[in-house]
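The values are calculated or read from the model by the stated rules, or taken from the named source; none is laboratory data. Small disclaimer: the values here were computed from a predicted structure and weren't measured. All Cβ positions, even for glycine, are placed from backbone atoms using ideal geometry, and neighbour counts span all protein chains on display.
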Amino acid sequence: MTPPMIRSLLWLVLLAAPLALPAAADSGAPGNRALGRSSIAETITQVQPKIVKIYGAGGFRGMEGYQSGMLISPEGHILTVYSYVLDTDYLKATLDDGRKFDAKLLGADPKLEVAVLKIDAADLPCFALDEAVEVESGTRVLALSNLFGVATGNEPASVQHGIVSVKTSLAARRGVFETPYSGSTYVLDAMTNNPGAAGGAVVTRRGKLVGMLGKELRNSLNNTWLNYAVPIAELRTSVDEIRAGRFDPERRDASTARPQRSLQLSMLGIVLLPDVLQRTPPYVDQVYPGSPAAAAGIRPDDLILLVGERLIQSCKALRDELEHIDYEDPITLTLLRDQELLERTLQAKIEEEP
C-alpha cells in the first residue's frame, strides 16, 4: 500500500467515524454542545501547520529514524520527546508546508523524556504552552503525528481521534512499563503511540493543546501497548528551563578557561565502553574496586546522562565536560539504570605524590 493510500485511509477513518459527542466533549464541563464534522475539519486545518516531522539517527536494528514534534514559538522552537533519534548532529525538521530545516538540539530533560529543538525560522504558527488545557476522563481528543513516517514533505500529519480513558500516574506502573518518566499521563482509547508518533500533539476538538504523545511503551506483564500522552502542565517548567539554557548539550567553547588540573574518569574509578562510534553513548564498562564510583554505587552498564545540569550525549562529550571541572570539586552524575534515573555525587580520589 502506497503512502498516499495510507493517508487516504486515515482521513476516511476519521471522517467516517461517528462525531456525535457527549455533553463534555471539549472541556469536561457539562452543557457543551457536540461539535460537527465541519468544526472538526476546521480544527484539523488549524492544528496541522503546528506539527513538525523530525528526522535523525536510526536504522540500526530496525530503529526508526524519525519522530514527531510541535512548534511552540513563532521563532522555531520545537517540543518533542528525548530519544535516540536526536542523537546526531544532522537533525532535520520538515514543516507542514514542506519546508525543510536543519534543527539544533537546545537541550533535553531525561527525567521527563522531553527535548526542545530550534530551527532558523520566523513568524511560524505555534502552540502557546501557557494556553494548554487539562481535561477529564471521557473528553474526546484528536492526536496529530507522523506515525509510521507517512508524511515526508508537505503532506499533512496523520490524525486520529479517541477518548481520554483516565488520567493516572506512570509511577504506579514501575516494573511494568520501562520508562524513567513517573508523572501523570492521559491514557487514550485510541492506537496513538506507534513508531514515529512520539512528540505528536493531542488537542481537544476545538484545537486546544492537551498533551504530547510519549514513546511506545509495552506492558511487560501482558505484552500489550500503552497509548498515552503527557500533560503539557507536566512539561512546561522543564521546557522553559531548557529554553533558558539548562540541560545544554553543547560542548563548551574552546576558549573557556580550564582548571590547572582537570578531573579525569580514572580519578573517579570509571572506565567507559570503547569509543568506537562518532557518538558512542557513555556507558560504564568497569568500576574500580575501592574507587569513588564504587563507593557511590555506580555499576557497569549504567548510562551517564547528565553531569550536573549539562546533557551528555557521548563518551567524548563526557571527557570534554570533565576537562572544565577541577579535580578537587565534587561532581554530580545522573545515571540511567534499568529505566530508573539515579543521581550520584562523587569526589575524586587523588593519590598523594611521594
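Restricting the search to strands (runs of 3 or more DSSP E) fully inside the stretch 267-354 and requiring at least 2 residues that are within 24 Å of Leu105 (Cα to Cα) and without any contact (Cβ under 8 Å) to a residue 40 or more places away in the chain gives 303-307, 331-337. When Gly107 is tested against (1) touching a residue at least 60 places away in the same chain (Cβ under 8 Å); (2) in a loop (DSSP other than H, G, I, E, B); (3) farther than 22 Å from Leu147 by Cα, exactly one condition is not met: (2).
In the stretch 94-107 there is at least one residue matching the filter, namely being crowded, with 22+ Cβ neighbours inside 10 Å, under 18 Å from Ala198 (Cβ atoms) and under 12 Å from the mean Cα position of the chain (by Cα). In the stretch 313-354, which residues are crowded, with 18+ Cβ neighbours inside 10 Å, of a type in the set (Ser, Thr, Tyr) and touching a strand residue (DSSP E or B) at 6+ places or on another chain (Cβ under 6 Å)? Within the stretch 313-354, just Thr334 meets the criteria. Taking the criterion of being farther than 22 Å from Arg279 by Cβ and of a type in the set (Ser, Thr, Tyr), the residues of the stretch 52-96 that qualify are Ser68, Ser73, Thr94.
Being in a strand (DSSP E or B) and among the polar types (S, T, N, Q), is that true of even one residue in the stretch 68-90? Yes, because at least one residue in the stretch 68-90 is in a strand (DSSP E or B) and among the polar types (S, T, N, Q).
Taking Asp248 as the residue in question, decide whether it is in contact with a strand residue (DSSP E or B) (Cβ under 8 Å, 6 or more places away or on another chain), closer than 28 Å to Gly58 by Cβ and in a loop (DSSP other than H, G, I, E, B). Yes.
Here is a yes/no grid of residues against (1) under 15 Å from the mean Cα position of the chain (by Cα); (2) among the hydrophobic types (A, V, I, L, M, F, W, C); (3) at pLDDT below 95:
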residue: Ala190; (1), (2), (3): no, yes, yes
residue: Gly200; (1), (2), (3): yes, no, no
residue: Thr204; (1), (2), (3): no, no, no
residue: Val210; (1), (2), (3): no, yes, no
residue: Gly214; (1), (2), (3): yes, no, yes
residue: Ile232; (1), (2), (3): yes, yes, no
residue: Arg246; (1), (2), (3): no, no, yes
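For the stretch 20-75, filtered to residues that are exposed (fewer than 12 other Cβ atoms within 10 Å of the Cβ) and among the hydrophobic types (A, V, I, L, M, F, W, C), the residue that is modelled with the lowest pLDDT is Ala20. Within the stretch 293-312, being under 13 Å from Leu346 (Cα atoms), surrounded by fewer than 20 Cβ atoms within 10 Å (Cβ to Cβ) and under 26 Å from the mean Cα position of the chain (by Cα) holds for one residue alone: Gly308. Looking only at the stretch 110-120, residues that are surrounded by fewer than 21 Cβ atoms within 10 Å (Cβ to Cβ) and assigned to a strand (DSSP E or B) come to 1 in all.
Just one residue in the set Asp123, Asp130 is assigned by TED's automatic domain parsing to the domain that holds Ala197, free of Cβ contacts under 8 Å to residues at least 60 places away in the same chain and surrounded by fewer than 23 Cβ atoms within 10 Å (Cβ to Cβ); that residue is Asp123.
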